[in-house]
């Protein structure tokens, strides 16, 4: 499968390039200037179900778009939007951003859930010839 996804080494942030997701008319009034991603969020909501991931309704944030994931054991989401820079640069990241959740006296490992989500995102992005330079990283 994808070699960058190992136990406790879940890369939950992906950048890529595509001219497939230009700003929607009036979209920049909903988010901060220079940020957009509505078409990308709609694309992910359309494509993720084929991978077994069920997205919820898109939520507009000032930094981009938040897509909750339904029916999972933990609260998860895909966050996405245009990167600062060229008009074809985009970023998606998961919430939570780390597989290890620290609680008061213990840690809870969500590696399996986040791996499933990141693999689904990767499958969607990698299968589209209009999406290129897909690079996964750990959150900073």
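The values are calculated or read from the model by the stated rules, or taken from the named source; none is laboratory data. Computed from a predicted structure; not experimentally measured. Heads up, the Cβs are rebuilt from the backbone with ideal geometry, glycines too, and the neighbour counts pull from every protein chain shown.
Summed over the stretch 31-42, residues that are touching a helix residue (DSSP H, G or I) at 6+ places or on another chain (Cβ under 8 Å) and assigned to a loop (DSSP other than H, G, I, E, B) total 3. Per the listing 121, 53, the residue uniquely farther than 16 Å from residue 13 by Cα, in contact (Cβ under 8 Å) with a residue 60 or more places away in the chain, touching a strand residue (DSSP E or B) at 6+ places or on another chain (Cβ under 7 Å) and surrounded by 15 or more Cβ atoms within 10 Å (Cβ to Cβ) is 53.
For every residue, the table says whether it meets (1) closer than 19 Å to residue 35 by Cβ; (2) in contact (Cβ under 8 Å) with a residue 24 or more places away in the chain; (3) touching a helix residue (DSSP H, G or I) at 6+ places or on another chain (Cβ under 7 Å).
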residue	(1), (2), (3)
65	yes, yes, yes
69	no, yes, yes
79	yes, no, no
106	no, no, no
126	no, no, no
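Looking at the stretch 58-69, can you tell me whether even one residue there is at pLDDT 95 or above, more than 30 Å from residue 103 (Cβ to Cβ) and surrounded by 15 or more Cβ atoms within 10 Å (Cβ to Cβ)? No, the stretch 58-69 contains no residue that is at pLDDT 95 or above, more than 30 Å from residue 103 (Cβ to Cβ) and surrounded by 15 or more Cβ atoms within 10 Å (Cβ to Cβ). Among the criteria (1) assigned to a strand (DSSP E or B); (2) under 15 Å from residue 131 (Cα atoms), the one residue 68 does not fulfil is (2). Answer yes or no: is there a residue in the stretch 110-132 that is at pLDDT 95 or above and at positive phi. No, the stretch 110-132 has no match at all. Within the set 130, 46, 27, 113, the sole residue that is farther than 15 Å from residue 10 by Cα, surrounded by 13 or more Cβ atoms within 10 Å (Cβ to Cβ) and over 11 Å from the mean Cα position of the chain (by Cα) turns out to be 27. Do we find that residue 87 is modelled with pLDDT of 95 or more, surrounded by 14 or more Cβ atoms within 10 Å (Cβ to Cβ) and in a loop (DSSP other than H, G, I, E, B) in this structure? It is false that residue 87 is modelled with pLDDT of 95 or more, surrounded by 14 or more Cβ atoms within 10 Å (Cβ to Cβ) and in a loop (DSSP other than H, G, I, E, B).
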